[in-house]
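Here the structure is laid out as structure tokens; the discussion comes afterwards.
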Amino acid sequence: MVSRGELSGRCAIAGIGQTAYTRGTEQSTLELHLEASLAAIDDAGLTVNDIDAVMPHDLADRITEDFIIELGLSDIAFSTTLRSGGASYMSAVQSACLAVATGVANCVLVPAGRRGYSEQRLSTSALKPMPTMHNLDLYERPYGGSVVPVQMFSGAATRYMHKYGSTSEQLGRVAVTFRNHAQWNPRAVMYGRTMTMPDYEQSPMIATPFRLFDCSIETDGAAAVVVTSSERARNLKSPLVLIAGVGEGHSYPPTSLTEKEDMTWMDGLHRAGKRAYEMANMGPADIDCLEAHDGFTWFILAGLEALGFCGKGEAGPFVEDGALDMHGSLPTNTHGGSLSEAHVSGANHVVEAVRQLRRDVEPERQVDCETVLVASEGDFYDGSVLILTK
Amino acid sequence: METDPFAAEFYAAAERGDLVVQMCDSCATLRHYPRHRCPKCLSASWHWTKLAGTGYVYTYTITHRKFGSIPDVPHGVMTVQLDEGIKVVSDIPAEQLDSVEIGSRCTVYFSPLQGVVRPRFRLTE
């Protein structure tokens, strides 16, 4: 019987790949996935013949057979698709680890991405219908509520801010900080487009308290990683990046914010974090750098609390003190995040974490890190967490 | 119209002027949104029970873009915590947008939205 802790360090991220992140593309979602996948396989120093498992991403609406036919994956031994919205990506990495650690598969491809600008804009109703949204369709959308994600979480943020006395400046600080980080990242869609606090405060209000600059950007692009055993990765071309911890957590009840006992607490993300910390035998104090899902600025405040970086209600002051800056106590979203680099369903946060540990990012945004935590939130407070080490 | 049987009955009750939620026959726990099994005791046996229709604003958001079905902007949506402990969502009457606060008392009324009579809430002065 293998225990959770024994998985620590058994697997590695051997390869990473990204497409360009753009606003506008001729490529289909699948073509973007294929490009990122081939880049990741090549980055690992492997070929398509080495890939024996693939985890298509729920929100991208791709299936295993797309990858089998297009990449010529002739002998897939394991495949699964996780369905927890934005948390799916790192839950997929967990599944990859389970497959690799047990020998069920050897080289797992985990791609994600979308045409978030050219097609599936989160600011419109042109999203893939999701079974988890069933109650919203029946009891919220007819009232003009929860029509798009910004409205779903704006109510939660309002409650949170009322409960803890948070300010719009604290939300704005998140937006400005990540935009600053993006200025050192030529790959970021917001590279070259600076944001000051007055810019933030003057950006149009979308759904209170969220302004335009509180919302992640709509972009086109895809990214992918390849997961192998640590032994295999040691012999491949890139510096070793180990999976020290991974965890998945689901919220209860999961199908709306309305049903939750406490709308201000990301319970599923908290549980995911606990599991990842336990596997890695670590705690928040061991984390040098954080790459966290930032669908909205407020997700970072709630995420910091759920992951134990500060107590409940303390994230606003924590952020205001500059903790998330490149030279702060917890550099966060060093690539600019979903707010300023691109929204790639969380895959770009994993890629950035790997590049940080490989010492392969622009020097201005290189963190002297040994341990990076990546966090994703999906649906209504489901979560997945990855802890990577050198 | 909804093909979901729970929703059909919920809105049929609204048509009659009743705000209803499920109550477990075994342990009297109330629940909403509807489900087959009691969250506390897992009993499959339940009935619709009428609620008083009063509560307070748990949270709200004012939307400034006409997403999807939103008729006009600014558009207010609130989550109401009913006195029985259940939370529901409602639009905010346009003339009350400037006075809504967390904690404001509100009361149900029944009126059509998108062609169906639904429970909706207004702030009580």
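Data overview
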| read-out | value |
| --- | --- |
| Residue in the stretch B:84-98 that is more than 8 Å from chain A (Cβ to nearest Cβ), crowded, with 16+ Cβ neighbours inside 10 Å, part of a strand (DSSP E or B) and not β-branched (Val, Ile, Thr) present | no |
| Qualifying residue in the stretch A:229-240 (condition: under 18 Å from the mean Cα position of the chain (by Cα) and either farther than 20 Å from A:SER338 by Cβ or more than 14 Å from every other protein chain (Cβ to nearest Cβ) (or both)) | no |
| The lone exception for A:GLY328 - which of (1) touching a residue at least 12 places away in the same chain (Cβ under 8 Å); (2) out of contact with any Pro (no Cβ under 7 Å at 6 or more places or on another chain); (3) not charged (D, E, K, R) it fails | (1) |
| Count of the stretch A:281-305 residues which are in contact with a Leu (Cβ under 7 Å, 6 or more places away or on another chain), among the hydrophobic types (A, V, I, L, M, F, W, C) and more than 23 Å from A:THR208 (Cα to Cα) | 2 |
| Selection status of A:ALA12, buried (at least 17 other Cβ atoms within 10 Å of the Cβ), over 20 Å from A:LEU73 (Cα atoms) and of a type in the set (A, V, I, L, M) | yes |
| Residue pairs meeting the criteria (Cβ under 8 Å; at least 6 apart or on separate chains; first over 21 Å from A:GLY346 (Cβ atoms), in the stretch A:217-243; second among the polar types (S, T, N, Q) and modelled with pLDDT of 95 or more) | A:SER229/A:ASN106; A:ARG232/A:ASN106; A:LEU236/A:THR228; A:LEU240/A:SER230 |
| Out of B:TYR56, B:TYR33, B:TYR109, sole residue that is facing chain A (nearest Cβ under 10 Å) and at pLDDT 95 or above | B:TYR33 |
| Test: A:GLY268 is in contact with a Leu (Cβ under 9 Å, 6 or more places away or on another chain) and either within 14 Å of another protein chain (Cβ to nearest Cβ) or in contact (Cβ under 8 Å) with a residue 24 or more places away in the chain (or both) | no |
| Every residue from the stretch A:201-222 that is polar (S, T, N, Q), more than 12 Å from chain B (Cβ to nearest Cβ) and in contact with a Leu (Cβ under 8 Å, 6 or more places away or on another chain) | A:SER216 |
| Complete set of residues in the stretch A:143-163 that are surrounded by fewer than 24 Cβ atoms within 10 Å (Cβ to Cβ) and at the interface with chain B (Cβ under 7 Å from one of its Cβ atoms) | A:VAL148, A:ARG159, A:HIS162 |
| Given (1) under 20 Å from A:PRO253 (Cβ atoms); (2) part of a loop (DSSP other than H, G, I, E, B); (3) among the hydrophobic types (A, V, I, L, M, F, W, C); (4) within 14 Å of chain B (Cβ to nearest Cβ), number of the condition A:LEU82 does not satisfy | (4) |
| Matching option when the condition is in a helix (DSSP H, G or I), closer than 26 Å to A:LEU212 by Cα and hydroxyl-bearing (Ser, Thr, Tyr), among A:SER345, A:SER338 | A:SER338 |
| Residues that are part of a helix (DSSP H, G or I) and among the small types (Gly, Ala, Ser), drawn from the stretch A:4-14 | A:GLY5 |
| Test result for A:THR167, more than 10 Å from chain B (Cβ to nearest Cβ), crowded, with 24+ Cβ neighbours inside 10 Å, touching a residue at least 60 places away in the same chain (Cβ under 8 Å) and more than 28 Å from B:SER69 (Cα to Cα) | no |
| Of residues in the stretch A:182-208 being among the aliphatic types (A, V, I, L, M) and under 20 Å from the mean Cα position of the chain (by Cα), the one surrounded by the most Cβ atoms within 10 Å (Cβ to Cβ) | A:ALA182 |
| Residue in the stretch A:327-334 that is modelled with pLDDT of 95 or more, in a helix (DSSP H, G or I) and either farther than 27 Å from A:SER91 by Cβ or in contact with a helix residue (DSSP H, G or I) (Cβ under 7 Å, 6 or more places away or on another chain) (or both) present | no |
| Residue list for the stretch A:15-46, restricted to those being closer than 19 Å to A:HIS349 by Cβ, part of a loop (DSSP other than H, G, I, E, B) and polar (S, T, N, Q) | A:THR19 |
| Single residue of the stretch A:106-119 satisfying the filter (buried (at least 23 other Cβ atoms within 10 Å of the Cβ) and not in a strand (DSSP E or B)) that is farthest from the other protein chains (Cβ to nearest Cβ) | A:CYS107 |
| Matching option when the condition is farther than 26 Å from A:MET195 by Cβ and surrounded by 19 or more Cβ atoms within 10 Å (Cβ to Cβ), among A:LEU324, A:LEU304, A:LEU357 | A:LEU357 |
| Given (1) more than 23 Å from A:HIS134 (Cα to Cα); (2) in contact with a helix residue (DSSP H, G or I) (Cβ under 8 Å, 6 or more places away or on another chain); (3) β-branched (Val, Ile, Thr); (4) in a strand (DSSP E or B), number of the condition B:ILE102 does not satisfy | (4) |
| Any chance A:ARG179 is away from chain B (no Cβ under 14 Å), charged (D, E, K, R) and buried (at least 17 other Cβ atoms within 10 Å of the Cβ) | yes |
| Residue in the stretch A:120-142 that is facing chain B (nearest Cβ under 10 Å), closer than 25 Å to B:PRO74 by Cβ, touching a Leu at 6+ places or on another chain (Cβ under 7 Å) and outside any loop (DSSP other than H, G, I, E, B) present | yes |
| Residue check, B:VAL117 at pLDDT 95 or above, more than 9 Å from every other protein chain (Cβ to nearest Cβ) and not in a loop (DSSP other than H, G, I, E, B) | yes |
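The values are calculated or read from the model by the stated rules, or taken from the named source; none is laboratory data. On a predicted model such as this, the values are computed, not experimentally measured, just so you know. Heads up, the Cβs are rebuilt from the backbone with ideal geometry, glycines too, and the neighbour counts pull from every protein chain shown.
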